[in-house]
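The values are calculated or read from the model by the stated rules, or taken from the named source; none is laboratory data. If you're wondering where the values come from, they're calculated on a predicted model, not measured in any experiment. Ideal geometry is used to build each Cβ from the backbone, glycine not excepted, and the neighbour counts take in all protein chains shown. All accessible areas refer to the heavy atoms of the entire protein, side chains included, with ligands and DNA or RNA removed. Shrake-Rupley method; radii C 1.70, N 1.55, O 1.52, S 1.80 Å.
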Amino acid sequence: MMSGDNGNLLSVRDLRTYFETEDGTVKAVDGISFDLKRGETLGIVGESGSGKSVTNLSVIRLIPSPPGRIVSGEVLFHGQDILSLPAEEVRRIRGKRISMIFQDPMTSLNPFMRISRQLMEITQLHLGHTREQAYEHAVRMLETVGIPEARARVDSYPHEFSGGMRQRVMIAMALSCEPELLIADEPTTALDVTIQAQILELIRKLKEETGTSVILITHDLGVVAGMTDDIIVMYAGKIFEQAPTRELFAAPGNPYTKALLKSVPDPVHEEGTDLYQIPGLPPDVAHLPPGCPFAPRCYHAEEVCRREFPPFVQLNAEHFSLCHFAGEVYAESRAERDARGGATPSGANVEPSENLGAVDPSENPTQGGAGR
């Protein structure tokens, strides 16, 4: 499928990435599919260990092998399958046409190299800049991401910058070659709330100015609420829910998504009451229970959930949920939405269409693919 025919910059199909460990095979990513259109932002949300980061490391072929291996699937970038390209060609794409911001800049920036040199290496390699051109470009990029007195600070070492400034340097590096796709993996995790907001606003502003498509990975649904066009919710290596952002916030169709939303602190939280937390712990993906992986923690679970893996249900044209009771959960969410006056966290009023029933991801490759 060529992206030029459908507006998709990236199409992931039935991706499976496994890790061999002493405890057995860990199916970190187990049969997921999704699309990303040009100029749009996709949020990938889930608890630690859900497969979010492994998904995107697989997209750019940075899985450490051993112990990891991409078992099957396609990653179509402009219709080309990245997983089947020679390693040298992937290296030309990575850093130039697809860039990634990692969650901890101190593990990504070389502490022994000046910021200028680290920025210059990228454009000298991918854009053929001379040393002088690369240096001037490095200064401009630091100015672009809001680092004050960029020319005076470009020759600093990473430890001379604050955490927020180091993250801005990482964004400058990622955007140096004007990539078509920017993957941001928990870009605000180690930062305080004020700096988090600044970094997210910076990513949004640069995306609007450059037209870059973005994949934003996070464990926090609050982060993606105002940043994304669509959201994928992952759990135990599967896609549990997939929908446009406003639709998902207005009427989630999966108990896990509802639990995540309930866990987000409420600004008007009643004093003296405990914040909600999802009971139990995420499963050991090397030893998943039969049936639904979320069943042991799920308020809606019944015997069928513990016995049979759930179907991937289509709730409307763009909304999918991996759940035996997706229709009931969806109806419950819509009733709750109506009770609060039809408002969503973004203030939108969404009127979803009727339940369209279960789908087979293999027969509907542009959606879902949450496994079988």
Task: the range 1-85 - accessible surface per residue (Å², probe 1.4 Å) - done: 39
Task: Test item: Cα-centred dipole of the range 192-321, Lys/Arg +1 and Asp/Glu -1 on Cβ, debye - done: 340
Task: Cα-based Lys proximity count in the chain, under 30 Å, for pairs eight or more positions apart or on separate chains - done: 29
- [ ] Provide the net charge surrounding Leu248, with neighbours chosen by a C-beta distance below 12 Å and charges set as Lys +1, Arg +1, Asp -1, Glu -1.
- [x] -2
Task: Rounded to the nearest 10 Å², the accessible area of Glu89 at probe 1.4 Å - done: 60
Task: Cβ-defined net charge surrounding Met234, 14 Å radius [Lys, Arg +1; Asp, Glu -1] - done: -3
TODO: Run the dipole for the chain about the Cα centre, Lys and Arg Cβ at +1, Asp and Glu Cβ at -1, nothing else charged, and hand back the magnitude in debye, nearest 20.
DONE: 1020
Task: Solvent-accessible area, 1.4 Å probe, carbon plus sulfur percent, for the range 55-178 - done: 50
Task: Average accessible surface area per residue within the range 98-210, 1.4 Å rolling probe, Å² - done: 48
Open item on the list: With n ≥ 4 as the cut-off for DSSP H runs, can you work out [θ] at 222 nm for the chain, using -39500 (n - 2.57) per run divided by the number of residues, rounded to the nearest 500?
Closed with: -9000 deg cm²/dmol
Open item on the list: Given an 8 Å cut-off on Cα distances and at least 6 residues of separation, report the relative contact order of the chain as a percent.
Closed with: 20
